[in-house]
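Here the structure is laid out as structure tokens; the discussion comes afterwards.
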Amino acid sequence: MDKLLFSILADGGSDTLERQISAINRFSPGSSICIHHDATSPGNKSLDRSGGGNVFINPNSYAIRPQEGVLHAHVSNFQHAVAQSLEFDKIVLFSAQEMLIKSGLGEYTKRFTIGAQTELYGNIETANNWAGFRPEVLNFPGVKRVLSLLGLPLFAGGQAEGQFFSRDVFAHLERVFVEAFPMEPCGFPSEQIVPATFAMRHGFAGTNISLPITFTAASAQIEISESVLRQLVKGDGALHARARPGALRPAHIGACVLKDVYAVSLPADRYEIWSKVVGELENS
């Protein structure tokens, strides 16, 4: 079983963060948790009471701006975890809205080096849909530097939530990222492009790669209702929905891959649904 490091980007909501930590300790005991506080959030110092023996607050706090890139914050969490000599096999990238829904993640990640969605820039089905696939991103100096260092002509895009990487792969990603970008928002969703591009490179080399472990409704016209959440926890069958206009192809829609979903991204006001469904299924 893998020992996991969860990299969480907190948005200042202490209640939500406490629930995330509780769910990780419930479903993935023995994991380490590293938390990055948004430097621009007024509540970025209010979460220390969430701390525990496995919870580490990153003392480096960087600005996070939606749609302008947050990968630098995950990179900073990784750097802090290494500096603290934490033991972990895989790093799991979490946003402020992600909640684990079942046990067994460490056994699952042990089967794969990487968990990421990889949609190639220029693919006919996606090139005209997602805003990340545009020439100015390809020509961005940092992106060109990453591609040069990896020996690739094009980048890939993918869902940010629930990506995971082996410690060695993310250490390589960290080195390349620091060489190509500053530790700040860079003007495009770096967390959706740089990790997916690394995953694509390893896939070309024959590495078996899974999808991210988090189900999100951000790219599909679907509501995470009680029935949908029950299906995700059980991992049965498939969910079908139209993609949202202008969104990247939904990673888990339209295929029987729900058994590989271990987390869900949902607004804080839907936590009661999570609590009800998870509690019912655990007691059944």
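The values are calculated or read from the model by the stated rules, or taken from the named source; none is laboratory data. Quantities reported herein were computed from a predicted structural model and do not represent experimental measurements. Please note: Cβ atoms are built from the backbone with ideal geometry, for glycine as well, and neighbour counts cover all protein chains shown.
Kindly establish whether His252 is part of a helix (DSSP H, G or I) and within 19 Å of the chain's Cα centre (by Cα).
On the way: part of a helix (DSSP H, G or I): no; within 19 Å of the chain's Cα centre (by Cα): yes.
Judged against the criteria, His252 is not a match.
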**Prompt:** Only one residue in Pro212, Pro195, Pro245 is at pLDDT below 95 and either closer than 26 Å to Gln20 by Cβ or out of contact with any helix residue (DSSP H, G or I) (no Cβ under 6 Å at 6 or more places or on another chain) (or both), so which one is that?
**Reply:** Pro245
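Say we look at the range 92-124 and pick out the residues that are of a type in the set (Val, Ile, Thr) and under 17 Å from the mean Cα position of the chain (by Cα); which of these is surrounded by the most Cβ atoms within 10 Å (Cβ to Cβ)? Steps first, please.
Quick first cut of the range 92-124, residues of a type in the set (Val, Ile, Thr) only: 92, 101, 109, 113-114, 118, 124.
Still in the running and under 17 Å from the mean Cα position of the chain (by Cα): 92, 101, 109, 113-114, 118.
Working: Val92: 30, Ile101: 26, Thr109: 26, Thr113: 18, Ile114: 26, Thr118: 22.
Result: Val92.
Taking Glu191, is it of a type outside the set (Phe, Trp, Tyr), closer than 18 Å to Arg249 by Cβ and touching a His at 6+ places or on another chain (Cβ under 8 Å)? Walk me through how you get there before you give the answer.
Details: of a type outside the set (Phe, Trp, Tyr): yes; closer than 18 Å to Arg249 by Cβ: yes; touching a His at 6+ places or on another chain (Cβ under 8 Å): yes.
So Glu191 passes the test.
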**Request:** Among what's in the range 151-167 and is small (Gly, Ala, Ser) and out of contact with any helix residue (DSSP H, G or I) (no Cβ under 7 Å at 6 or more places or on another chain), pick the residue that is modelled with the lowest pLDDT.
**Result:** Gly151
**Message:** Of the residues Ser103, Ser148, only one is touching a helix residue (DSSP H, G or I) at 6+ places or on another chain (Cβ under 7 Å), hydroxyl-bearing (Ser, Thr, Tyr) and either over 23 Å from Ala217 (Cβ atoms) or assigned to a loop (DSSP other than H, G, I, E, B) (or both); which?
**Reply:** Ser103
**Message:** List the residue pairs whose Cβ atoms are under 6 Å apart, where the first residue sits in the range 229-251 and is farther than 19 Å from Leu281 by Cβ, the second is among the aromatic types (Phe, Trp, Tyr) and assigned to a loop (DSSP other than H, G, I, E, B), and the two are 6 or more positions apart or on different chains.
**Reply:** Leu248/Trp130
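Of all the residues that make up the range 1-19, how many are of a type outside the set (A, V, I, L, M, F, W, C) and modelled with pLDDT of 95 or more?
Adding up the residues that qualify gives 3.
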**Item:** Pick from the range 179-233, criterion in contact with a strand residue (DSSP E or B) (Cβ under 8 Å, 6 or more places away or on another chain), among the small types (Gly, Ala, Ser) and assigned to a loop (DSSP other than H, G, I, E, B), ranking: surrounded by the most Cβ atoms within 10 Å (Cβ to Cβ)
**Value:** Ser219
